[in-house]
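This report refers to the structure that appears directly beneath it.
The values are calculated or read from the model by the stated rules, or taken from the named source; none is laboratory data. What you are looking at is a predicted structure, and each value in this text was computed from that prediction instead of being measured. Positions of Cβ are backbone-derived with ideal geometry, glycine not excepted, and every protein chain shown enters the neighbour counts.
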Amino acid sequence: MSCQEILEANPKAVSGDYTIVYPNGTAYTVYCKMDTTDCGEGGWTRIAYINMTEPGATCPDGFVTKDYNNIDHSLCGINFSSGGCQSVLFSTNGLNYSKVCGQIRGYQYASPDAFYGSISVGLDSRYVCGYSITRGNPRQHIWTYAGGINQNNLNNYDCPCNTGFTHNLPPSYVGNDYYCESGLPVGQTHSPVLYSNDPLWDGQQCLGLEGPCCTNNPNLPWFNKALNGVSNTNYIEVRSCTLYGSTNEDTPLDILELYIK
């Protein structure tokens, strides 16, 4: 029985831990999201959960723990002297799904370049400074969280959702399935620091030209993606990517959740 089947059998079921039986016959305790907030409907099975604001929280294998002097908890990120991506794979344990819902909250460090890296590369490369969420192999795009360098500029390393942006970005394999924000205060020049006062992808403080990045996406930080009727059991991969190296640009996160149904 899946989270969806539990909800169908008991429409008053609440979000929490349930025992479900996976296709291989093994019973697991999982968190079922039964409420209609965030994902818009109930019956979701959680496959990924990171919340670094909670006591004792740790980063998953693949990401590294990063500490900064202007935020009171650790973040999860990557360490690259030059550009690249680091992956974390989340198994579905054989559960069929045709929808994915989730959220990421990150922070701008220094000068992330949004989709600038995608000008000459594809989905398998470092096409974004931020997070690429895909399924299976070969990778199939689900959602992208991009960090732009400046809220009030229109260069090709700023957010495509900024008012007046005319560059041919994001790439076609991303389409409209992305969120993009900058955490750099309007009027400031970027420095090698963490901008902790304006978290990325939280739907808040989209100032100046960046306004539509929030107002046009009222569900931020949550995305809800239907896979065009495709039912599959593919693992979901979250890649943290940087174009020029994490000492130059980074978007470390403190919250990540993924649900399937």
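What the table shows:
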quantity	calculated
Pick from the stretch 165-180, criterion touching a Leu at 6+ places or on another chain (Cβ under 8 Å) and among the aromatic types (Phe, Trp, Tyr), ranking: surrounded by the fewest Cβ atoms within 10 Å (Cβ to Cβ)	Tyr173
Sole exception among (1) assigned to a loop (DSSP other than H, G, I, E, B); (2) modelled with pLDDT under 95; (3) buried (at least 20 other Cβ atoms within 10 Å of the Cβ) for Gly183, by number	(2)
Residue list for the stretch 44-86, filter: farther than 15 Å from Asp254 by Cα, of a type in the set (Gly, Ala, Ser) and surrounded by 14 or more Cβ atoms within 10 Å (Cβ to Cβ)	Gly83, Gly84
Test set (1) over 12 Å from the mean Cα position of the chain (by Cα); (2) at pLDDT 95 or above - Asn152 fails condition number	(2)
Verdict on Thr251 being without any contact (Cβ under 8 Å) to a residue 60 or more places away in the chain and over 17 Å from Val100 (Cβ atoms)	no
Test for Gln188: is it part of a loop (DSSP other than H, G, I, E, B), out of contact with any Gly (no Cβ under 9 Å at 6 or more places or on another chain), over 21 Å from Tyr116 (Cβ atoms) and of a type outside the set (D, E, K, R)	no
Some residue of the stretch 193-206 being over 14 Å from the mean Cα position of the chain (by Cα), surrounded by fewer than 16 Cβ atoms within 10 Å (Cβ to Cβ) and not in a strand (DSSP E or B)	yes
Unique match (being crowded, with 17+ Cβ neighbours inside 10 Å, assigned to a loop (DSSP other than H, G, I, E, B) and at pLDDT 95 or above) among Cys159, Cys213	Cys159
Answer residue from the stretch 83-106, given it is small (Gly, Ala, Ser) and within 12 Å of the chain's Cα centre (by Cα) and is nearest to Leu200 (Cα to Cα) among those	Gly106
